[in-house]
Amino acid sequence: MKTHAEGESCTHEFWVPDGSALMYVSYMKGRQQRHICRFDPQSGSDEVLMEMPACSHLMSNHDGSLLVGDGSGTPVDVQDAQGYSIQNDPWLYVFDAKRRRQARLAAHNSSWRVLDGDRQVTHPHPSFTPDDRQVLFTSDVEGKPALYLAELPEQLFD
């Protein structure tokens, strides 16, 4: 469906839960910019939806109209840290895919550290509740990983 360009990484790919699209993050070595991309399996079209902050994980709601990502720092396992380094970002972001807008939702303040040999347990991995009113995420801000809910305000993008 897509061949990577020279120096491009395509990561955090997932199917929109209703099956309407495949989404992923694209970025180029040496650049801070990340892009949310959408592939339509019916038409075969692949489009860049919008620029986004460097998020470690990205997920959509049921129909792909909203996305949520967790701001991150340079991953601990990156071999080429100079080519792929990013500034630490403690925020959860919500993206309006249709209007191509973004807003900070809440600070996750995760440490991103490896805990008991596992590098994933402190990652926020945000996702929407079935009614799209809250975002579920993990943080170790209080010392140990725990689950949190952040409510989406009605006027989030205003």
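Read-outs throughout are calculated quantities, based only on the coordinates presented, and are distinct from any laboratory measurement. The shown structure was predicted, so the numbers you read here are calculated from the model rather than taken from an experiment. Note that we place each Cβ from the backbone using ideal geometry, even for glycine, and neighbour counts take in every protein chain shown.
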Can you list the residues, at least 5 places off or on another chain, whose amide H is less than 5 Å from the amide H of Ala97, using H built in the peptide plane?
Leu66, Leu67
Taking every other residue with Cβ under 14 Å from the Cβ of Asp116 and scoring Lys and Arg +1, Asp and Glu -1, one gets +1
Enumerate the amide H contacts of Gln134 below 5 Å, restricted to partners 5 or more residues apart or on another chain; note that Pro and chain-start residues carry no placed amide H.
Thr129, Leu152
Obtain the nm distance between the two label points defined at Lys144 and Ala5 by a simple spin-label model: each point lies 7 Å from its Cα along the Cα-to-C-beta direction.
4.6
Could you give me the ³J(HN,Hα) list for region 33-43, computed from phi with Karplus coefficients 6.51, -1.76, 1.60 and θ = phi - 60°, whole Hz, x at Gly and Pro?
5, 10, 10, 7, 10, 10, 10, 8, x, 6, 8
Please list, in order along region 92-109, the HN-Hα scalar couplings obtained from phi with the Karplus expression 6.51 cos²θ - 1.76 cosθ + 1.60 (θ = phi - 60°), rounded to whole Hz, x for Gly and Pro.
8, 10, 10, 10, 8, 5, 6, 8, 6, 10, 9, 8, 6, 9, 6, 7, 8, 6
Highest mean first, how do 33-39, 97-103, 3-9 rank when packing is the count of other Cβ atoms within 10 Å averaged over residues?
33-39, 97-103, 3-9
Dipole axis of the chain (+1 Lys, Arg; -1 Asp, Glu on Cβ), positive-most option in Gly19, Met50, Gly64
Met50
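Using DSSP, restrict attention to beta bridges with both residues in the chain and report what percent are antiparallel, rounded to the nearest 5. Mind showing how you got there, number by number?
Numbers: 42 of 42 bridges.
For the chain, the DSSP antiparallel bridge percentage is about 100.
May I ask you to derive the FRET efficiency for Asn109 and Arg31 from their Cβ-Cβ distance with R0 = 22 Å, giving the value to the nearest 0.05? Walk me through the numbers on the way to the answer.
Values: r = 26 Å, r/R0 = 1.17.
E between Asn109 and Arg31, to the nearest 0.05, is 0.30.
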Over the chain, one equal point on each Cα, no solvent: what is log10 I(q)/I(0) by the Debye formula at q = 0.11 Å⁻¹?
-0.43
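Restricting to Cα pairs below 8 Å that are 6+ residues apart, what does the relative contact order work out to for region 84-154? Please round to a whole percent. Provide the component values of the computation, followed by the final result.
Working: 115 pairs, mean separation 15.4, N = 71.
Rounded, it is 22 percent for region 84-154.
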For Lys2, counting only lysines whose alpha-carbon sits under 26 Å away and dropping same-chain residues fewer than eight positions off, the answer is Lys29, Lys98
Would you mind checking which residues have amide H under 5 Å from Leu105's amide H? H placed 1.01 Å from N; only 5 or more apart, or other chain.
Leu92, Tyr93, Val94
Per-residue ³J(HN,Hα) for region 127-133, Karplus 6.51 cos²θ - 1.76 cosθ + 1.60, θ = phi - 60°, Hz, x for Gly and Pro
8, 7, 6, x, 8, 6, 9
From the helices alone, meaning DSSP H stretches of at least four residues, give me the mean residue ellipticity at 222 nm for the chain, per-run term -39500 (n - 2.57), in deg cm²/dmol to the nearest 500.
-500 deg cm²/dmol
Highest average packing first - 42-53, 106-117, Cβ atoms within 10 Å
106-117, 42-53
At what distance in nm do the modelled label points of Asp132 and Arg101 sit from each other, each positioned 7 Å from its Cα along Cα→Cβ?
1.3
